[in-house]
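Every read-out reported here was derived from the displayed coordinates using simple, explicitly stated rules and does not represent laboratory data. Worth saying up front: this structure is predicted, and the values here are computed from it rather than measured. Backbone-built Cβ (ideal geometry, glycine too); neighbour counts: all protein chains shown.
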Amino acid sequence: MQYRMSELFLRTLRETPADAEAASHSLLIRAGYLRRAAAGSYTWLPLGLLALNKVTAVIREEMNRAGFQEVHFPALLPKEPYEATGRWSEYGPALFRLQDRRGADYLLAPTHEEMFTLLVKDLYSSYKDLPISLYQIQTKYRDEARPRAGLLRGREFVMKDSYSFDIDDAGLEVSYQKHRDAYQRTFDRLGIKYVIVSAQSGAMGGSASEEFLAPAQAGEDTFVLSEGGAANVEAIVIAPTAAINFDSLPAAQVHDTPSTATIDTLVEFSNSNPELRIDRSWSAADTLKNVVFKLTNQQGDVRALAIGVPGDREIDMRRLEAAVYPEVVSPFAEEDFAKHPKLVKGYIGPQALGLNSPSKIQYLVDPRISVGSSWITGANAAGKHVFNLVMGRDFQADGNIDVAEVQVGDNCLVPTGKVLELARGIEVGHIFQLGRKYAQALDLKVLNENGEQVTVTMGSYGIGVTRAVAVIAEQHHDEKGLRWPRSVTPVDVHLVIAGKDEPLFNGATKLAAELNQAGLSVIIDDRMGVSVGVKFNDAELIGIPTIIVIGKKYADGQVELRDRFAEQSIDVPIDEIVATVKQLS
RNA sequence: CGGGGCGUAGCGUAGUGGCUAGCGCGCCUGCUUUGGGAGCAGGAGAUCGGGAGUUCGAAUCUCCCCGCCCCGACCA
């Protein structure tokens with residue numbers, strides 16, 4: 001295929017659009033791949049569509065190679081299946097709902113678990129039919145509260161979603177692993193750098209779950225790399241500190257600590273007051289901070305929850321939200337304190353907390369608050385703190401909760417070992433073992449070898465296809481523009497005619513034909529009256545990895561070969577150029 | 001949904017009560033120019049996000065609405 005720049009439907013922009021923050025967003029707009037249609041929905045221009053189709057093709061090949069079969073559902077669906085699983089209401093405002101002319105409810109599918117489950121139920125009824133994995137590449141709709149960064153979070157986006165169906169847990173494990181392997185091959189081929197992290201299963205239900213996160217500054221997820229693996233911060237499990245003997249520890253003692261309602265002021269006061277001095281200085285890590293939240297469950301009932309964390313840590317709201325799901329967290333406001341006179345803001349101590357205490361507020365502590373650990377903490381009276389308050393001796397908790405912010409050096413069970421690094425990533429794939437939630441809700445059963453009805457167990461696996469395009473752009477660009485990996489480049493060769501003489505145009509036309517003959521698609525920059533500077537800049541912005549310049553040296557039988565990933569260009573004899581380029585891809 | 005910001009031509013922007021809304025890029029016509037975003041001359045393109053109000057006079061002030069972007073909470 002040949003595309004002539006003089007005819008290609010695009011307009012490159014010299015300046016960054018004011019509303020584009022992420023590199024992928026800005027470059028895809030500037031290079032003429034995309035136009036915004038509405039918040040979170042984009043029009044694909046010819047070059048963009050070529051890139052999207054390349055990405056789609058790689059994904060499809062890998063799914064087929066793994067033995068998964070492609071189907072295609074409508075995006076417009078009736079509400080009934082979603083009512084059966086409860087998601088018609090549970091999905092909340094993120095679901096696009098609409099009505100037909102008769103007033104019947106429909107939705108634009110945000111994901112298709114229900115439909116796949118019903119399809120298998122419709123056709124299959126024996127264990128002999130299983131396992132089966134089906135997938136589709138399809139447009140999804142989610143009324144996102146906040147579409148972001150161009151393609152990174154859209155309200156309309158393309159997703160590859162697969163579903164596996166197995167007779168038992170062992171089978172699910174195998175199907176899951178097959179998808180995991182297929183995903184690794186897929187992302188490797190797409191040129192996406194990724195980390196597989198343990199994930200929270202969240203709203204989908206189910207157990208084992210891993211995410212493919214593409215490390216990128218523009219990413220919305222935070223993950224950790226540890227000595228033994230990687231995990232989304234929401235899924236991290238901190239190793240509990242071992243209990244120690246507290247027989248020799250000094251008794252708890254209440255001290256006046258006026259105006260110390262914050263950890264900083266408390267530490268400063270403790271260190272500057274001779275009476276409180278010890279053989280080292282106090283630090284925030286010696287203090288026990290107790291924070292109260294309100295939790296609202298799905299029925300709308302509100303309860304209070306107190307959380308104790310070491311004073312040098314903040315509570316990570318994402319981890320807290322994930323830990324208490326489906327209850328929703330909100331801050332404990334002034335009026336809530338008014339309802340609980342036992343709680344002295346800034347001086348809350350564990351003695352006033354717990355289901356068995358007068359406050360009856362559930363009290364959960366960080367796993368580092370272990371039996372035998374000793375703390376400075378609130379004495380439940382304004383201007384007073386208690387020192388040497390020992391867990392297991394002077395106070396108890398109702399249990400543990402692991403929601404403190406994670407820091408480098410933390411010791412984890414998931415992922416194993418010490419935290420080495422925290423980083424941002426874009427979730428480009430997610431695989432999980434759904435289990436029987438949907439099969440149960442929709443009554444998907446097959447007969448086993450004993451003639452008994454058995455509920456099928458499922459896995460669900462997604463790749464954000466349009467998001468993957470953005471991730472590639474995010475990970476592969478330089479200050480000049482995009483740089484497509486050769487596996488997904490919209491076009492193989494960008495042929496720049498650097499000059500206005502007729503022989504150059506004729507030579508370029510001939511070369512383009514030869515490249516086509518060799519199976520390579522070509523953009524020819526044949527624009528008249530456009531200076532070479534503009535052509536070079538556009539070529540670099542558009543990001544085709546192989547650029548051939550046909551210019552000055554053409555008369556001597558040479559063209560210039562530029563690799564967007566290499567430092568320098570080389571001169572290649574015209575009769576060798578096709579073979580040379582062919583080798584690159 | 002909470003917080004912050006922004007809406008002037010395809011893009012980037014100036015203009016904070018006063019004449020015909022200015023500039024750069026892009027676009028059109030002509031001439032010239034062609035190895036790193038050329039030059040000259042001429043030209044087209046804007047209901048200043050929408051509505052209501054204040055005023056002799058509104059892009060500019062007030063109110064309401066809409067849209068967009070960023071941070072946070074949710075997801076491929």
*asked:* My understanding is that a pair violates if its Cα-Cα distance is over 22 Å; which of A:LYS54/A:LYS79; A:LYS128/A:LYS445; A:LYS160/A:LYS480 do that in this structure?
replied: A:LYS54/A:LYS79; A:LYS160/A:LYS480
*Counting DSSP beta bridges with both partners in region A:491-584, what percentage is antiparallel, nearest 5?*
45
*Rounded, prolate or oblate: which fits region A:364-502 when a ≥ b ≥ c are the square roots of the eigenvalues of the alpha-carbon gyration tensor, with rounded for a/c under 1.5 and prolate only if a/b beats b/c?*
oblate
*Compute the acute angle (0 to 90°) between the alpha-carbon long axis of helix A:263-272 and the principal axis of greatest extent of the alpha-carbon atoms of chain A; round to the nearest 10°.*
50
_Computed over chain A: relative contact order in percent, which uses C-alpha pairs under 8 Å that are six or more apart_ = 18
_Cα centroid separation - region A:46-118 against region A:286-362, whole Å_ = 39
*Taking 7 Å along the Cα-to-C-beta vector as the label spot, tell me the A:THR509-A:ALA84 distance in nanometres, rounded to one decimal.*
6.2
*Kindly work out what percent of the DSSP beta bridges joining two residues of region A:253-400 are antiparallel, to the nearest 5.*
70
*Any idea how far apart A:ALA242 and A:ASN53 come out in nm if each label point goes 7 Å out from Cα toward Cβ?*
6.3
*If you wrap a convex hull around the Cα atoms of region A:90-154, how much volume per residue is inside, in Å³?*
142
*asked:* Counting only helical runs of four or more DSSP H residues, what would the 222 nm mean residue ellipticity of chain A come to if each run contributes -39,500 (n - 2.57) and the total is spread over all its residues?
replied: -7500 deg cm²/dmol
*Mind checking the angle between helix A:502-517 and chain A's longest principal axis? C-alpha axes, 0 to 90 degrees, to the nearest 10.*
60
*Taking the DSSP beta bridges in chain A as the whole, what percent of them are antiparallel, to the nearest 5?*
80
*For region A:492-572, calculate the relative contact order in percent as a whole number, restricting contacts to Cα pairs under 8 Å that are 6 or more residues apart.*
34
*A:LEU249-A:ASN297 FRET efficiency (beta carbon distance; Förster radius 35 Å; 0.05 resolution)*: 0.35
*asked:* Just to check, using Stokes-Einstein with a Kirkwood Rh over alpha carbon pairs, what's the diffusion coefficient of region A:12-65 at 37 °C and 0.692 mPa s in µm²/s?
replied: 268
*By its C-alpha gyration tensor, with a ≥ b ≥ c as the square roots of the eigenvalues, how is region A:491-584 shaped: rounded for a/c under 1.5, else prolate for a/b larger than b/c, else oblate?*
rounded
*Length gain on complete extension for the stretch A:VAL534 to A:GLU21, per 0.36 nm per residue less the alpha carbon to alpha carbon distance?*
182.2 nm
*Enumerate the residues in region A:103-140 having an amide nitrogen under 12 Å from the point lying 7 Å beyond the Cα of A:HIS72 toward its Cβ.*
A:136-139
*asked:* Name the residue from A:ASN516, A:ILE577, A:VAL532 whose Cα lies farthest towards the positive end of the charge dipole of region A:491-584, charges +1 on Cβ of Lys and Arg and -1 on Cβ of Asp and Glu.
replied: A:VAL532
*Would you please classify the overall shape of region A:72-201 from the alpha carbon gyration tensor, given that a ≥ b ≥ c denote the square roots of the eigenvalues, rounded means a/c under 1.5, and beyond that prolate means a/b larger than b/c while oblate covers the rest?*
oblate
*For A:GLN184 and A:ASP100 in the same chain, what is the full-extension length gain: residue separation times 0.36 nm, less their Cα-Cα distance, in nm?*
26.1 nm
_Just to be sure I understand the model, the point goes 7 Å from the Cα along the line to the Cβ. What's the resulting A:LYS552 to A:GLU268 distance in nm?_
6.7
*asked:* As I understand it, the dipole of chain A uses +1 on the Cβ of Lys and Arg and -1 on the Cβ of Asp and Glu, about the Cα centre. Which of A:GLY32, A:LEU422, A:GLN351 lies farthest toward its positive end?
replied: A:GLY32
*To the nearest 10 degrees, how steep is helix A:532-542 against the longest Cα principal axis of chain A, on a 0 to 90 scale?*
50
*For A:ALA39 and A:LEU422, calculate 0.36 nm times their separation in residues minus their Cα-Cα distance, and state this gained length in nm to one decimal.*
134.8 nm
*With N set to the residue count of chain A, report its C-alpha Rg divided by 2.2 N^0.38 Å to two decimal places.*
1.22
*asked:* Could you tell me the relative contact order of region A:309-450? Use alpha-carbon pairs under 8 Å, at least six residues apart, and round to a whole percent.
replied: 22
*asked:* Taking R0 as 51 Å, what FRET efficiency do you get between A:ASN64 and A:ASP256 from their Cβ-Cβ distance, rounded to the nearest 0.05?
replied: 0.10
